[in-house]
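Inspection log for the structure reproduced underneath, given as C-alpha cells.
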Amino acid sequence: MVASFSPAHDLTVATSAAPLIAADVGGTHVRVGLIRTGQGPSPTFDVLAYRRYRCADHAGLGPILADFRAHAPGARECVIATAGYALADGTVISANLPWPLSANRIRDDLGFQAVHLVNDFEAVAHAAAHIDGSQVLQLAGPAEAPRGPTLIVGPGTGLGAAVWIPVGDRSVVLATEAGQASLAASTELEMAVLQQMLRNRSHVSIEHGALSGPGLLNLYTALCAVRGAAPVHATPDAVSAAACDGSDPLAVETLQLFCGILGSTIGDMALLYGVQGGIYLAGGILPKLGQFLIGSSFVERFLNKGPMTKALQRIPVKLVEHGQLGVIGAASWYLQHRST
C-alpha cells in the first residue's frame, strides 16, 4: 500500500467537539484527514492526522476509511469530497472512480452518525479562502483582486472546476461538470489533432481530449498519428517527464499543446462564469509542471480573447501547491453547511 501516516498532534488530546473525518477522493488517490474545526467569524481547521492512499491498492473507499479510522478514533461524522455527481440515494455517478461509492453503505458499515457528500472541486473552492501566498505560484495578473467570483480548476484523473461566489458575509459554490464540455481547437495543429480524435468518437470532451492525465496521453497519441510517428510513451507521467527534461520532441510538443489548450479553456471559463476574484489552478498534474507552464503559451492563450483581453489582465491566475487542499475544503464545506 502506498500511504504515509503523519499525525500532527497527539490524537489523545481531548477537545470540546468531536473531530471530523474528511476525505478527498480522486481517481488515483484518496487523501484522508482527521480535522478539528473551530467556529467563529474566521473558522479554523486543525489537521490532527493525514494519510494518502492509492486507489488501485484497495477494493473500495469503505476499507480505506476503516483503516484510517483505526489510527484516528473519535470521529462520528465523515465528509467525502469526490469527483462525480451525487444522487439522492447516496450513490455517485462518476467516470473516473475505480469502484462504486455509496455514502449510505459507508455510514452503515462503519457506524458513522452521518456521511456527507460534496463535489471534489466544490470542496476545493471552499478551501480558497484558506490559501495563503506561500502556497501559490503566480502565473498572470495582479497579486490581488477585488472580492468576487473565483474560479478553481485543475486537471487530474479528470478535469474539475468550481466557482466560489461571495454573498455578503457568506459564500456559495457553483459545482460544474465543465470537463465534459466539448474540446475546442484554436490552431491548425489543434484542429488536426481534434479531427484525429473524432475518428473514433462523436464527442471529444475537454478532459478526455486534453486536460487530464488520460487526456494528456490521448493528446500525445493523436499528435503522434498526425506526425506519422509511433508512440513510445504509455503513461501520462512518462509523457510529462520526457517533455520536462526535453528528451522527446513529440512529448515536448504534446505538453505545449496541453498548456495552450489549458490557457484557452480557462480564459473561456473566466468569461463564462464572470470571474473577477481570481483563478486558482489545482489538480494532481499541474504542481509538477510549474516551470514548463511558465515557459509555455499558457498566459498568451489565456489572454487571447479579443476585446476581453483587458478584462482578463485584471484577474490573478495562481497555481496552488497545497497538498491537503481537498481535505480542508471538505471540512470547510461541512462547517458552513452545519451552521445553516
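The values are calculated or read from the model by the stated rules, or taken from the named source; none is laboratory data. Given the structure is predicted, the values throughout are model-derived calculations rather than measurements. Note that we place each Cβ from the backbone using ideal geometry, even for glycine, and neighbour counts take in every protein chain shown. Remember, those area values only see protein heavy atoms, side chains included, never the ligands or the DNA or RNA. Shrake-Rupley method; radii C 1.70, N 1.55, O 1.52, S 1.80 Å.
Key figures
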{"quantity": "Calculated FRET efficiency for the pair residue 114/residue 188, C-beta based, R₀ 51 Å, to 0.05", "calculated": "0.45"}
{"quantity": "The stretch 195-246, relative contact order [Cα under 8 Å, separation at least 6], %", "calculated": "26 percent"}
{"quantity": "Under 28 Å from residue 288, Cα to Cα: lysines that are on another chain or at least 8 residues apart", "calculated": "305, 318"}
{"quantity": "Sum of -39500 (n - 2.57) over DSSP H runs of 4+, divided by residues of the chain (222 nm, nearest 500)", "calculated": "-10000 deg cm²/dmol"}
{"quantity": "Local electrostatic count at residue 114 - Lys and Arg +1, Asp and Glu -1, tallied over other residues with Cβ under 13 Å", "calculated": "+1"}
{"quantity": "Calculated FRET value between residue 200 and residue 57, using beta carbons and R₀ = 41 Å, to 0.05", "calculated": "0.85"}
{"quantity": "For residue 30, net neighbour charge (Lys/Arg +1, Asp/Glu -1) across residues whose Cβ lies under 14 Å away", "calculated": "+1"}
{"quantity": "Heavy-atom surface of the chain, accessible at 1.4 Å and reported per residue (Å²)", "calculated": "45 Å²"}
{"quantity": "Length-normalised contact order of the stretch 215-323 in % [C-alpha pairs under 8 Å, at least 6 apart]", "calculated": "27 percent"}
{"quantity": "Apportionment of accessible area to carbon and sulfur, the chain, percent (1.4 Å)", "calculated": "52 percent"}
{"quantity": "The chain, Cα convex hull volume normalised per residue, Å³", "calculated": "143 Å³"}
{"quantity": "For the chain, built as a Gaussian network whose Cα springs stay under 10 Å, the top-fluctuating residue of 293, 48, 216", "calculated": "48"}
{"quantity": "Unit Cα scatterers, Debye sum, the stretch 40-168: log10 I(q)/I(0) for q = 0.09, 0.11, 0.18 Å⁻¹", "calculated": "-0.34, -0.50, -1.21"}
{"quantity": "Whole-number percent relative contact order across the chain, with pairs defined as alpha carbons under 8 Å at least 6 apart", "calculated": "20 percent"}
